[in-house]
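Contents: one structure, followed by commentary.
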């Protein structure tokens, strides 16, 4: 079965780790391309390529301000990804509960006996 092009599917777009880093960088607010380059330390053409994919699938918006292009995350377009992954949250919560119980049990075993 052929893969869906990254420019049509937000899930495929965020499957690329570098694009996830670009999105994380934009979580703090709107940034110019050169600011993203400065924060990530990647070549500008690489940043622009990833931004183009993210823009094509609607995960980021771009506006012009003079000669600069400013990008920001489009949160509404991330919601389907959030909703899908939320179905798996119970597995993480379950694991965290088990880790907490194990840590409490070990702490109780190591605690000095309070009843002499």
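Just a few scattered comments:
- Matching residues, region 38-74, being exposed (fewer than 12 other Cβ atoms within 10 Å of the Cβ) and not in a helix (DSSP H, G or I): 41, 43, 63, 64, 65, 66, 67
- Residue in region 93-104 that is under 29 Å from residue 18 (Cβ atoms), touching a strand residue (DSSP E or B) at 6+ places or on another chain (Cβ under 6 Å) and at pLDDT below 95 present: no
- Identity of the residue in region 8-37, without any contact (Cβ under 8 Å) to a residue 24 or more places away in the chain and exposed (fewer than 13 other Cβ atoms within 10 Å of the Cβ), that ends up farthest from the chain's Cα centre (by Cα): 28
The values are calculated or read from the model by the stated rules, or taken from the named source; none is laboratory data. These figures come from a predicted structure and were not determined experimentally. No Cβ is skipped: glycine too gets one built from the backbone with ideal geometry, and neighbour counts run over all protein chains shown.
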